[in-house]
Amino acid sequence: MNPTHIHTALTMTRRLRRLRRTPALRALVRETRLSPDMFMLPLFVCEGEGVRREVPSMPGVFNLSVDEAVKEVEAAKADGINSVILFGIPDHKDSVGSLAYDADAPVQSAIRAIKRAAPDALVATDVCLCEYTDHGHCGIVIDQEIANDPSVEQLVRAAVSHAVAGADMVAPSDMMDGRVGAIRQALDERGFANTAIMAYAAKYCSAFYGPFRDAAGSAPQFGDRRSHQMDPANSAEALREVELDIAEGADIVMVKPAMTYLDVIARVKDTFDFPTAAYHVSGEYAMLKAAARNGWIDEPRAMLETMTSIRRAGADIIITYYAREAARAIA
Ligand code: PBG
């Protein structure tokens, strides 16, 4: 039958398609909006000069020497991205991660150089030992176990050294118990009451960190991270982690990874209504890049749909390797 001859008119008061008819209507009623202000760009800072080495499993992401990191911050600012989080890739590692708190290591040098070149950029730093230990663990290993309290002592040293170099915010990602409180106290005692703490509060033991460990050379040489990072099966426990970190003085709490933990982001935001960050991690980025390179997905759409879903779940801040591309796409 010719479809134009169908004239059945249903009687309905509510037709939801009415507001989906044109781009202007859809924009008017859009519930979730993205803004470049909410993105934070991770940067991997290494030794040397003029180094810009692409991470094989993360197209578009580089190991950058300090001078190149400064250029990247300036380029990111031109795209509308004003916040970065720094990770260090030292040339030398030892059993206690001493370069994590060396004033002349890549991260500390990069903080100073970025603050000199772009004083209004927000510089956050990842605080962990895994990039600095020869065994690749996030803490001090005693009898094959990651010893909590001695590890916290080292993390405090690292966080303080970042604050001394001029970081606006430190972000402990180690998942040791009690580290947020210890870092807060040490910062306050040394006159860094204004240095903020973004706690990796609910950080899961995830397969999606693989490409990061390539980038940072931080894969554990034995064992895994199950004794400190969270079991992917748990979400009530995430609330306990977040509650403790808030009580210990965290200014921002983070859920990580993002896409496979949208329910956790939503629960954390609903329960605490606290500034909440989500980390769209290396493996999540790599999956999209790989599929896009094979022509299997439309990358710009998949990227924005992903960022929108993380925002819709309740994240106020999204840490993502896509920060610059996303900011350009929504400009
Ligand atoms: C630890 C740290 C990791 C990531 C951020 N901070 C790695 C890990 O826990 O093994 C992962 C980030 C990513 O995968 O993008 N310093």
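The values are calculated or read from the model by the stated rules, or taken from the named source; none is laboratory data. Bear in mind the structure is a predicted one, so any value in this text is a computation, not a measurement. Every residue, glycine among them, receives a Cβ derived from its backbone with ideal geometry; neighbour counts consider all protein chains shown. The protein model used for the area step is the full one, side chains on, heavy atoms only, and it has no ligands, DNA or RNA in it. Shrake-Rupley method; radii C 1.70, N 1.55, O 1.52, S 1.80 Å.
Among C130, L64, I81, pick out the residue whose Cα is farthest towards the positive end of the charge dipole of segment 33-330, where Lys and Arg carry +1 and Asp and Glu carry -1 on C-beta, about the Cα centre.
It is I81, whose Cα lies furthest towards the positive end.
How tilted is helix 148-165 with respect to the longest principal axis of the chain? Cα atoms for both, answer in degrees (0 to 90, nearest 10).
Tilt relative to the chain: about 80 degrees.
What is the magnitude of the charge dipole of segment 33-330 about its Cα centre, with +1 placed on the Cβ of each Lys and Arg, -1 on the Cβ of each Asp and Glu, and no other charges, expressed in debye to the nearest 20?
That gives a dipole near 800 debye.
Ignoring ligands, DNA and RNA, please state the percent of accessible area on the chain from carbon and sulfur, probe 1.4 Å.
Ligands and nucleic acids excluded, carbon and sulfur give 51 percent.
Where in the chain lies the longest segment free of chymotrypsin sites (Phe, Trp or Tyr not before Pro) that are both loop residues by DSSP (not H, G, I, E, B) and have at most 14 other Cβ atoms within 10 Å?
Segment 1-221 is the longest.
What does the extension gain come out to for Q144 and A117, with contour length at 0.36 nm per residue minus their alpha carbon separation?
Using 0.36 nm per residue and subtracting the Cα-Cα distance, I get 5.4 nm.
Report the percentage of all Cα-Cα pairs in the chain whose separation exceeds 34 Å, rounded to a whole percent.
Of the Cα pairs, 24 percent sit more than 34 Å apart.
Suppose we flag GluC sites (Glu not before Pro) only when DSSP calls them loop and at most 10 other Cβ atoms lie within 10 Å. Which is the longest uninterrupted stretch of the chain?
Here the longest segment lacking exposed loop sites spans 50-331.
Going by alpha carbons, how many degrees (0 to 90, nearest 10) lie between the helix axis of 106-117 and the longest principal axis of the chain?
Between helix and principal axis, roughly 60 degrees.
Does anyone have the angle between helix 66-79 and the longest principal axis of the chain? Alpha-carbon axes, 0 to 90°, nearest 10?
Taking the Cα atoms of the chain, the angle to 66-79 is about 20 degrees.
Out of the trypsin sites (Lys or Arg not before Pro) in segment 164-221, which ones are loop residues according to DSSP with at most 15 other C-beta atoms within 10 Å?
Loop-located and lightly packed - R190.
Between T260 and D273, with labels modelled 7 Å along Cα→Cβ, what's the label distance in nm to one decimal, could you check?
3.3 nm
Springs between alpha-carbon atoms under 10 Å, Gaussian network over the chain: tell me which of A118, A278, A193 tops the mean-square fluctuations.
Highest fluctuation among the options: A193.
Want the number for T11 to E153: 0.36 nm per residue separation, take away the alpha-carbon distance, what's left?
44.2 nm
Residues of the chain: accessible area per residue at 1.4 Å, in Å²?
Spelled out: the 1.4 Å probe surface of the chain, per residue, equals 47 Å².
Can you give me the distance in nm between label points at D224 and A291, each placed 7 Å from the Cα along the Cα-to-Cβ direction?
Placing both labels 7 Å along Cα→Cβ, they lie 2.4 nm apart.
Please give the contour-minus-distance gain from R328 to A302: 0.36 nm per residue of separation, less the Cα-Cα distance, rounded to one decimal in nm.
The span from R328 to A302 would gain 7.9 nm if fully extended.
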